[in-house]
Amino acid sequence: MDRSLKAMSLLLSYPSEELQRAMPEIGGVLAADSRMTAAARRDLRPLVEALQSGDIYDLQETYVGLFDRSRSLSLNLFEHVHGESRDRGGAMVSLVEMYRDAGFDPVTSELPDHLPVLLEFLAMRPFSDIQETLADAAHIFAALQTRLDRRESLYGAVFAALLQIAGAKADAGAVAELLERPEDDPEDLDALDAVWEETEVTFGPDPNGGCPQVRDMLAQMDTPVNPAPGRAAQPAE
């Protein structure tokens, strides 16, 4: 198992007291990963320390404000690629089939494109698959890092670390396209309710189905599209 990817999956999960108790081990795993520069490992330390010692309710409120109330910071990766278009349903089906074909059956209420779920799956894959998959999503990680850094959020360091493990440089044009989209104001609750108006994500037989490799399925991320109005399912609290 790639312990660093598992650790990053946990860092990006909804904070819990159980997670807090695991932070010393998680921090130790990340501090020992030589695939990242010393600076990248050092930049992860404040997040690890905050998750370990912070007030759990404050940590949960911060997490929800960032990742649950903002489509521009969504951890559901296909949100940044397909928005609420019909293509997203087909991509979801392919992703679920790929998980099951590899013997991975996530026990979670999250959507299959939720980044912590994907990282948990990749932690069990060969490193070549890990790098290719992360590289396909590099522009999404770069945009998320930029937006989190603008908010002075410690979570930005996780996406910088993922980019280093991917060993790829994000396409500047694709990053710019994502950053051109308006950001949500987590304090404007009426606007957020309108943006997140429920839209169904359909699962079921896909005429173009199959079990593509991770890199083939996520390669579509290299061409982000503007999301259609609607609301994606949010991470469970």
If you scan the range 21-32, which residues turn out to be surrounded by 12 or more Cβ atoms within 10 Å (Cβ to Cβ) and either of a type in the set (A, V, I, L, M) or farther than 21 Å from residue 42 by Cβ (or both)? 22, 23, 26, 29, 30, 31
Scan the range 50-67 and tell me whether some residue there is surrounded by 14 or more Cβ atoms within 10 Å (Cβ to Cβ) and closer than 17 Å to residue 117 by Cβ. yes
Would you check which residues across the range 160-177 are more than 10 Å from residue 135 (Cα to Cα) and of a type outside the set (Asp, Glu) and list them? 160, 161, 172, 173, 174, 175, 176
Given the conditions (1) modelled with pLDDT of 90 or more; (2) out of contact with any Phe, Trp or Tyr (no Cβ under 8 Å at 6 or more places or on another chain); (3) closer than 23 Å to residue 99 by Cβ, and given that residue 149 satisfies all but one, which numbered condition is not satisfied? (3)
Of all residues making up the range 1-46, the number that are more than 22 Å from residue 58 (Cβ to Cβ), among the aliphatic types (A, V, I, L, M) and in contact (Cβ under 8 Å) with a residue 40 or more places away in the chain: 5
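Tell me, please, whether a residue that is in a helix (DSSP H, G or I), of a type outside the set (Lys, Arg), more than 12 Å from the chain's Cα centre (by Cα) and within 19 Å of residue 4 (Cα to Cα) can be found in the range 84-98. Spell out how you get there, then give the answer.
At the first step, the residues of the range 84-98 found to be in a helix (DSSP H, G or I) are 86-98.
From the residues that got through so far, the ones that are of a type outside the set (Lys, Arg) too are 87, 89-98.
Remaining after also requiring more than 12 Å from the chain's Cα centre (by Cα): 87, 89-98.
Okay, now just the ones that are also within 19 Å of residue 4 (Cα to Cα), so none.
For the range 84-98, residues in a helix (DSSP H, G or I), of a type outside the set (Lys, Arg), more than 12 Å from the chain's Cα centre (by Cα) and within 19 Å of residue 4 (Cα to Cα): absent.
The values are calculated or read from the model by the stated rules, or taken from the named source; none is laboratory data. All values reported here derive from a predicted model rather than from experimental measurement. Backbone-built Cβ (ideal geometry, glycine too); neighbour counts: all protein chains shown.
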